[in-house]
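Reading through the structure tokens given below for one structure.
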């Protein structure tokens, strides 16, 4: 004889709407804040509904783009961010919230 199956996980969170659409996003960022912003705005215009920002390795580890240990890694696998102006450029024209 088999045991009765447990209730589905979704039932454990009744406040979440089953009818709500999924958030569609890509994990992206490259070369510069301005280029990444251009990519994000293009994707949002095509129906993407969220952003997942890929930061470059120096940004993730707290190094400025001009630091010796950042050499060769800036913008390589994500967007480089060194100051608040870079963040403003990254999200320029994109509604947040």
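Report P(r) for segment 24-90: all Cα-Cα distances, bin width 10 Å, range 0 to the bin holding the largest distance, values in whole percent.
Each 10 Å bin holds this share of Cα pairs: 24, 51, 21, 4.
Which order do 81, 94 fall in if you start with the one that has the fewest other Cβ atoms within 10 Å?
Least crowded to most crowded, the residues run 94, 81.
None of the figures in this text is laboratory data; all of them are computed from the coordinates on show. These numbers were taken from a predicted model, which means no experiment stands behind them. Please note: Cβ atoms are built from the backbone with ideal geometry, for glycine as well, and neighbour counts cover all protein chains shown.
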